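The values are calculated or read from the model by the stated rules, or taken from the named source; none is laboratory data. From a predicted model like this one, the values you see are computed outputs, not experimental measurements. We place every Cβ from the backbone using ideal geometry, glycine too, and count neighbours over all the protein chains shown. For accessibility, only protein heavy atoms count, side chains too; no ligands or nucleic acids. Shrake-Rupley method; radii C 1.70, N 1.55, O 1.52, S 1.80 Å.
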Amino acid sequence: MKKNKQTMTLREAMRLNRRALGLIWRREPQTVLSQFLSVAWEALTPYVGIYLSARIIDELAGSADAQRLQTLVWISLAAAACIALVTALLKRWRETHSAGQWYKFEALLGEKMISMDYACMDDTATQDMLQTIRDNMNGGAWGITRVLYGYESLLRAVFTMLGGATLTVSLFASAVPRGSAYAWLNHPLAAAAVVALMLGLTLLAPLLTTKAEGYFAKYSGVHNLSNRLFGFYGFLGYDRRLAADMRVYRQDLLCDRYNRNKEDTFASNGLFAHLARGPMGLYAAAGAAVSVSFTGLAYAFVCLKAIAGAFGLGAVTQYVASITKVSGGLSGLLAALGDMRNNAAFLRLTFSYLDIPNEMYQGSLTVEKRSDRKYQVEFRDVSFRYPGSEQYALRHVNMRFEIGERMAVVGANGSGKTTFIKLLCRLYDPTEGEILLNGIDIRKYNYREYMDIFAVVFQDFRLFSLKLGENVACKVDYDPARVRGCLEKAGFGERLAELPEGTETYLYKDYRADGIEVSGGEAQKIAIARALYKDAPFIVLDEPTASLDPIAEAEIYEKFDAIAGDKTAIYISHRLSSCKFCDEILVFDAGAVIQQGTHEALLAQEGGKYAELWNAQAQYYTDK
Ligand code: ADP
């Protein structure tokens, strides 16, 4: 059973909470301000009612002057009305800003993921870390989502204590008349004993409650697992992609699988139910019992003084109410500090994620913007292992090519073609060796500028359920004429002409009922249009056509060759026929470039890998 280690000082815990608050403040100052102001207001205003009610009771129990009573009632009503109005305004302000707060925190994590080095993002350890942070957030609202709540509780407690203390001071100052049997209540030691006892009970209650709450933090890992399983199994039925299979195979399997999940902490025989019946429940109950004892003690002390004649009936209600509130405030303060401490371990994890450094952004050299697009790229003895992998995906790759050329990268699946492109585009840095652009190590260039020179259509490119134009331009404000031009070049012109809303048409039906579905081939044309829109000097097609037959693929590649114009085009395929028109063909095998040359030259090398692959695949296209 995975437990959350909590060896952290209160000081460190508060430092993490402060840092988190600072982060939220910089992103959402109005949220913080509206939340804090409304909390302070809500904590202080009840005392106005307590004070005025006490004065009315005093007046009723005393001289009962009608004029004075009327004035007091009017003041009470006016105060109540003003307080209600301001409360409503503050609440509205607060709700406007706090709505969707969860998604803002999700966005914070997402932004970090987007800005992270690709290699780090792709690392399982990073993905696991993010998943744990999100599970903590969604399971027990631990982490950044809890920070404002903690400060809110802290503030509420402080203001409640301040207001209550102001109305309680006179309880101790009002003396029992001399000669009364209760005159001993005037003795400073009596007051001190009562205060000490009250303080003791006040401190004990939140300690017990925090101890009970601590079980949730301690077993968050178990809770998260259940949440994760529920998040997976519980929503499978909504997934349109699974709908057909589910019907054909009657996949009750999934529901049964979830129902039989022994780890389910939510079930009545689960871990938390077990804890609630055991120590966690006992601590919570003891906390509640201690709070009630406190109220009993407060009543006893105040009533004794009132019976002895220290003050009137109105004051009794005032003191009992305010003293209970002071105690509640102090308990709240300790509970808030306890909760913030419990949360600190989760914040530490969140910050270790947010603080992951960008190693790749270090370079500062400007990439020369050449109008002739003349660049030269060289791989110098490049070897590469994926993070956490023992096996080399690329081994001693040496190659050089001039821009403007058509280059093909061919080889069997898993031979390293995509990895080669990922290194070229600097999604990863080589483990050994270096890649040079115009003679300079690409790590020395400004990362963003370097990325600007590549447009890649990856094998697993993704289109979004957004407007067609936005999909092509990857921008909300796009140039419709340019988008149309690129779509036409990519072969999507005919379909585009049929769309009444043109480039404004939504793809898929996730957000709009009139969104269009596109076939695999059409999606690939849109992806190619996206690469054209970027207008980068390098354009790479990484088998985006894998679902097409070899002949259709070869046609697309040859057509693309015309579209690419003066750009340098790199084609990747495991189908040799697609790339035979290229000036230069690299043949990959088990991570190494084993042959390099034109189609004719490579085919002429008898016994070579290229000739072997070509002959093996020839059956697909010799007929044609
Ligand atoms: P190709 O594009 O020729 O099909 P890849 O470049 O995708 O081949 O893969 C080369 C090798 O690297 C394969 O053995 C593959 O399993 C491995 N590989 C690819 N991506 C990763 C990754 N993210 N982590 C670990 N290994 C990977």
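Remarks
- Using a probe of 1.4 Å, the accessible surface attributed to Thr166 totals some 100 Å² when neighbouring protein chains are kept in position.
- The value of relative contact order for the chain, using C-alpha pairs under 8 Å at least six residues apart, is 15 percent.
- Note on the stretch 325-417: Cα convex hull, mean projected area over all directions, 13.0 nm².
- Stokes-Einstein diffusion for the stretch 66-210 at 20 °C, viscosity 1.002 mPa s, with a Kirkwood radius from C-alpha pairs, works out to 100 µm²/s.
- Protein accessible area in the chain, 1.4 Å probe - carbon and sulfur %: 58
- In the chain, helices alone account for a calculated mean residue ellipticity at 222 nm of -20000 deg cm²/dmol, with every DSSP H run of four or more residues adding -39,500 (n - 2.57).
- Förster radius 51 Å - calculated FRET efficiency between Leu297 and Trp41, Cβ distance, rounded to 0.05: 0.95
- Whole-number D in µm² s⁻¹ for the stretch 507-606, Kirkwood Cα-pair radius fed into Stokes-Einstein, 20 °C, 1.002 mPa s: 140
- Full extension of the chain between Glu612 and Ser174 yields a length gain of 147.2 nm, computed as 0.36 nm times the residue separation minus the alpha carbon distance.
- Once divided by 2.2 N^0.38 Å, the Cα radius of gyration of the chain becomes 1.40.
- Its Cα gyration tensor gives the stretch 358-460 an equivalent ellipsoid; the semi-axes, largest first and in whole Å, are 22, 17, 13.
- In Å², nearest 10: area of Arg27 left accessible to a 1.4 Å probe: 100
- Per residue, the accessible area of the chain comes to 51 Å² when a 1.4 Å probe rolls over the protein heavy atoms.
- Computed from the C-beta positions of Leu89 and Ala66, the FRET efficiency with R₀ = 22 Å rounds to 0.05.
- Residue pairs, from the table Lys112/Lys467; Lys489/Lys559; Lys422/Lys489; Lys417/Lys580; Lys525/Lys559; Lys489/Lys534, whose Cα atoms sit over 18 Å apart: Lys112/Lys467; Lys422/Lys489
- Sites Asp245 and Arg26, calculated FRET efficiency, Cβ-Cβ separation with R0 56 Å, nearest 0.05: 0.75
- Angle between the chain longest axis and helix 144-173 axis [Cα atoms, degrees, rounded to 10]: 10
- Taking 7 Å steps out from each Cα toward its Cβ at Arg512 and Ala562 produces label points 3.1 nm apart.
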